[in-house]
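All remarks here apply to the structure that follows.
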């Protein structure tokens, strides 16, 4: 197995967002020339045959596109919130980072500090 540093893609920083059966990873990586880029990975757990597999989709985002990407994402989210779903209280979705034990289905609602 190759070491990531040999490929020039050292991972610098990572954030994970759990969202039901999906998990999103926001990773900052470096290139051989010490430049940085962001990868956004969606990982979905699926049952296949006698076990689980993870289906992954990845987006590479480069520094010159950060502002355009953030602006477009914010505009799109605001459009949904303000124009399409103005009556939805989106604060109800805040702090819903509880972990579920797959074997029992029990939710872990204890606050965790990273």
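The values are calculated or read from the model by the stated rules, or taken from the named source; none is laboratory data. Quick caveat: nothing in here was measured; it's all calculated off a predicted structure. Note that each Cβ is placed from the backbone with ideal geometry, even for glycine, and that neighbours are counted across all protein chains shown.
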(request) Select from the stretch 1-42 the residues that are part of a strand (DSSP E or B) and out of contact with any strand residue (DSSP E or B) (no Cβ under 6 Å at 6 or more places or on another chain) and write down the one among them that is modelled with the lowest pLDDT. (result) 19
(message) Can you tell me how many residues within the stretch 77-100 are touching a strand residue (DSSP E or B) at 6+ places or on another chain (Cβ under 7 Å) and either modelled with pLDDT of 55 or more or part of a loop (DSSP other than H, G, I, E, B) (or both)?
(response) 2
